[in-house]
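Since the structure comes first, as structure tokens, the remarks are kept for the end.
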Amino acid sequence: MTRVLRTRAHLRAALADVPRPVGLVPTMGWLHEGHRSLMRRARAHDGTTVVTIFVNPRQFGEPADLARYPRSEERDLAICAEEGADIVWAPPVEEVYPAGFDTTVSVGAIAHPLEGAARPGHFDGVATVVAILFALIGAEHAYFGQKDAQQVMVIRQMARDLALPTQVIACPTVREPDGLALSSRNVHLSPAERAGAPVLRRALLAARDAHASGERSGETLRDLMRTILASEPLAHVDYVSVADDGTLAELDRVDGPALLSLAVRFGTTRLIDNEPLGA
Ligand code: AMP
């Protein structure tokens, strides 16, 4: 039985005597197979699975992006029930940010490049809401998608620095058969944009293959990704990165573990993806 709760008070009360450990899956709804994979991980490892569905206004830069973010609670709740979630917390905005709320959690250097540079304020919004969720729910484990690799790093830093006892677990990116990473935003792609979108994956795989064949120049790998992205006329590159996997600083030479990542716009829809490189 999946219990759907709206308030902080009901959530706290429901969590008082549930089987431990508790596994948390934070989402913004419009659930897809990627979210389902996180719920399955929680169900397999934890005594209680808690899913949160909250479109967090603080992590959106442009009001238009927030306004058009896809929502369908009925469908989302059916998916949570199918996946055997024990508790779904789907609060209204004022339950997360009550009147008088006036704190921002702002993570340092790891939040500054890439998505942090492209979307000012985004990670402040993410870190703030996740800190609230971690504090309210007190889960032993929280599951996040590797698709948002920098987000995982930002949340790990936040949880460590604030001594929050929730362990952050990164889970593999779930993809369409043609390689496109699942994302709630994919619904906005026109048919032509959808047909072009797998170019992100092709660019990442080409760079991964070049690295596997011995290419160690960061700029050559970035150029390779740019060239492949340029072959798709509907793709407009936001950034292409070959970065240190601990600091996300851009690399001249790839001598250890690294992260390939990119952000590409198709019309008004912005897609991101990444691929880790081993040592
Ligand atoms: P969102 O609802 O987009 O905020 O995502 C909620 C969680 O699902 C985040 O931890 C995301 O990284 C994760 N997620 C989103 N897309 C995928 C995917 N394709 N594969 C795995 N996890 C994902």
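Hey, can you tell me all the residues within region 146-167 that are part of a helix (DSSP H, G or I) and not hydrophobic (A, V, I, L, M, F, W, C)?
Quick first cut of region 146-167, residues part of a helix (DSSP H, G or I) only: 146-161.
Matches in region 146-167: Gln146, Lys147, Asp148, Gln150, Gln151, Arg156, Gln157, Arg160, Asp161.
The rows are residues; the columns are (1) within 14 Å of the ligand (Cβ to nearest atom); (2) touching a Pro at 6+ places or on another chain (Cβ under 7 Å); (3) open to solvent by 40 Å² or more (accessible area, probe 1.4 Å); (4) not in a helix (DSSP H, G or I).
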{"residue": "Val129", "(1), (2), (3), (4)": "yes, no, no, no"}
{"residue": "Leu133", "(1), (2), (3), (4)": "yes, yes, no, no"}
{"residue": "Phe144", "(1), (2), (3), (4)": "yes, no, no, yes"}
{"residue": "Asp178", "(1), (2), (3), (4)": "yes, yes, yes, yes"}
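When region 19-71 is filtered for residues that are more than 24 Å from Pro98 (Cα to Cα) and among the polar types (S, T, N, Q), the ones remaining, listed by number, are Ser37, Thr48, Thr49. Of the conditions (1) touching a helix residue (DSSP H, G or I) at 6+ places or on another chain (Cβ under 6 Å); (2) in a helix (DSSP H, G or I); (3) not aromatic (Phe, Trp, Tyr), Ala170 clears all except one; give me its number. Only one criterion is unmet by Ala170, namely (2). Among the residues of region 180-233, those that are open to solvent by 60 Å² or more (accessible area, probe 1.4 Å), in contact with a strand residue (DSSP E or B) (Cβ under 8 Å, 6 or more places away or on another chain) and within 15 Å of Asn274 (Cα to Cα) comprise Arg208, Arg226. Residue pairs whose Cβ atoms lie under 8 Å apart, separated by 6 or more positions or on different chains, with the first residue in region 165-189 and free of Cβ contacts under 8 Å to residues at least 24 places away in the same chain and the second within 7 Å of the ligand (Cβ to nearest atom), are Glu176/Leu182. Take the conditions open to solvent by 30 Å² or more (accessible area, probe 1.4 Å), at pLDDT 95 or above and among the hydrophobic types (A, V, I, L, M, F, W, C) and apply them to Ala13. Does it pass? Answer is yes for this residue. Scanning region 156-168 for residues that are open to solvent by less than 70 Å² (accessible area, probe 1.4 Å) and either in contact with a Leu (Cβ under 9 Å, 6 or more places away or on another chain) or farther than 15 Å from Gly138 by Cα (or both) returns Gln157, Met158, Thr166.
The values are calculated or read from the model by the stated rules, or taken from the named source; none is laboratory data. Remember, predicted model here, so these are calculated numbers, not experimental data. Cβ: placed from backbone, ideal geometry, glycine included. Neighbour counts: every protein chain shown. The accessibility values were calculated without ligands, DNA or RNA, using every heavy atom of the protein model including side chains. Shrake-Rupley method; radii C 1.70, N 1.55, O 1.52, S 1.80 Å.
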